[in-house]
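Novice: Let me begin by handing over the structure; questions about it come next.
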Amino acid sequence: MYPTFVEMCGLPKLHQKLEGTSLASTLAKPEAAMNRDVYLPYMAPGEYAVINKNWRYISYGKDGEELYDVKADPNEWDNIADKPEHAGVKAKLRNSAPKEFVKPAPKRNIGKDLIIEGETFRWRKGGEQAPAPRKTAQKKKGNKKNILFIVCDDLNTHVSPSGYDHIKTPALAQLESEGMTFNRAFCQYPVCGPSRASFLNGLYPTSSGVIDNKSDVRQARPGTVSMPQFLKKAAIGQVA
């Protein structure tokens with residue numbers, strides 16, 4: 001993105017070579033855009049995605065792979081990675097990924113490893129005691145109210161309350177008409193586990209330590225208070 005900002009916003013050019021390519025010409029003439037493979041790294045070595053105009057290939061290392069024909073299947077509902085006729089496509093897309101991956105850096109998160117000392121901060125050293133979790137302020141008890149929290153995973157916004165009228169979700173449409181719809185909620189992370197953890201504990205994934213689908217916030221950041229826990233402590237009525 002930065003090379004694009006440099007060209008389109010007139011920013012001073014840096015003396016070092018920037019990674020990536022400016023998208024200014026593509027934004028000016030989208031129909032003239034050239035097809036290219038875009039590599040997206042994931043959290044562990046050997047886990048990545050490669051995307052171009054026609055295909056999206058996802059490697060989970062030893063845990064499997066996915067391949068989607070994005071023109072015929074723009075919603076990516078049909079994983080065709082196991083079909084023999086697409087072996088050549090997968091091999092070509094794999095060539096856009098690194099052959100060797102660097103060793104992952106030690107995992108750190110703000111809640112466990114960041115030591116704040118006055119107006120400065122530093123990372124916790126090996127063997128040093130982790131900072132105590134912050135205490136949550138307790139509110140006075142008042143009238144109890146019931147809360148119903150509905151979560152649909154891997155759904156995107158493809159339901160009628162989000163403007164997709166051709167997709168029939170009558171129960172959600174009725175629920176929307178009787179309540180409030182938040183249409184400015186944004187995904188915290190491009191993985192479902194960290195995103196769920198984020199809206200349940202109110203923390204960025206980099207703060208909670210949950211940055212993949214295998215992490216548990218109770219282990220990554222002990223003492224974290226989730227939204228259901230907070231509501232129960234605040235003497236809310238039924239939480240479902």
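The values are calculated or read from the model by the stated rules, or taken from the named source; none is laboratory data. The structure presented is a predicted model; accordingly, all values stated were derived computationally and were not measured. Every residue, glycine among them, receives a Cβ derived from its backbone with ideal geometry; neighbour counts consider all protein chains shown.
Novice: Of a type in the set (Phe, Trp, Tyr), loosely packed, with under 10 Cβ neighbours inside 10 Å and under 23 Å from the mean Cα position of the chain (by Cα), is that true of TRP55?
Specialist: So TRP55 does not fit the description; no.
Novice: Ok, one more. Give me the pairs: first residue in region 7-31 and under 23 Å from LYS53 (Cβ atoms), second residue in a loop (DSSP other than H, G, I, E, B), beta-carbon distance under 6 Å, and six or more apart or on different chains, which are they?
Specialist: If the second residue must be in a loop (DSSP other than H, G, I, E, B), the pairs left are GLU7/SER22; THR26/ALA33.
Novice: Hey, another quick one. Residue check: is THR224 in contact with a helix residue (DSSP H, G or I) (Cβ under 8 Å, 6 or more places away or on another chain), surrounded by fewer than 16 Cβ atoms within 10 Å (Cβ to Cβ), in a loop (DSSP other than H, G, I, E, B) and among the hydroxyl-bearing types (Ser, Thr, Tyr)? Walk me through how you get there before you give the answer.
Specialist: Details: in contact with a helix residue (DSSP H, G or I) (Cβ under 8 Å, 6 or more places away or on another chain): yes; surrounded by fewer than 16 Cβ atoms within 10 Å (Cβ to Cβ): no; in a loop (DSSP other than H, G, I, E, B): yes; among the hydroxyl-bearing types (Ser, Thr, Tyr): yes.
For THR224, the condition - in contact with a helix residue (DSSP H, G or I) (Cβ under 8 Å, 6 or more places away or on another chain), surrounded by fewer than 16 Cβ atoms within 10 Å (Cβ to Cβ), in a loop (DSSP other than H, G, I, E, B) and among the hydroxyl-bearing types (Ser, Thr, Tyr) - is not met.
Novice: Sticking with this one: Can you find, within region 168-204, the residue that is surrounded by the most Cβ atoms within 10 Å (Cβ to Cβ) among those that are among the charged types (D, E, K, R) and over 30 Å from LYS214 (Cα atoms)? Spell out how you get there, then give the answer.
Specialist: Taking region 168-204 and keeping what is among the charged types (D, E, K, R), we get 168, 176, 178, 184, 196.
Filter once more, keeping what is over 30 Å from LYS214 (Cα atoms): 168, 176, 178.
Numbers: LYS168: 11, GLU176: 15, GLU178: 6.
Result: GLU176.
Novice: Can I ask one more? What number of residues within region 79-127 are touching a residue at least 12 places away in the same chain (Cβ under 8 Å) and exposed (fewer than 11 other Cβ atoms within 10 Å of the Cβ)?
Specialist: Here the count works out to 4.
Novice: Among the residues of region 26-45, count how many are surrounded by 14 or more Cβ atoms within 10 Å (Cβ to Cβ) and at pLDDT 85 or above. Full working, then the answer.
Specialist: Residues of region 26-45 surrounded by 14 or more Cβ atoms within 10 Å (Cβ to Cβ): 26, 37, 42-45.
From what's left, at pLDDT 85 or above: 26, 37, 45.
Result for region 26-45: 3.
Novice: Given the criteria at negative phi and modelled with pLDDT of 75 or more, does ILE115 qualify?
Specialist: Numbers: at negative phi: yes; modelled with pLDDT of 75 or more: yes.
When the stated conditions are applied, ILE115 passes them.
Novice: Which of the strands (runs of 3 or more DSSP E) contained wholly in region 1-111 include at least 1 residues that are within 29 Å of SER208 (Cα to Cα), among the acidic types (Asp, Glu) and not assigned by TED's automatic domain parsing to the domain that holds THR206? Write out each step before concluding.
Specialist: Details: elements: 38-41, 47-51, 55-60, 65-69.
Those strands (runs of 3 or more DSSP E) span 47-51, 65-69.
Novice: Looking at the structure I just gave you, is ASN35 out of contact with any Ser or Thr (no Cβ under 7 Å at 6 or more places or on another chain), of a type in the set (S, T, N, Q) and within 22 Å of CYS192 (Cβ to Cβ)?
Specialist: Values: out of contact with any Ser or Thr (no Cβ under 7 Å at 6 or more places or on another chain): yes; of a type in the set (S, T, N, Q): yes; within 22 Å of CYS192 (Cβ to Cβ): no.
Criteria not met by ASN35.
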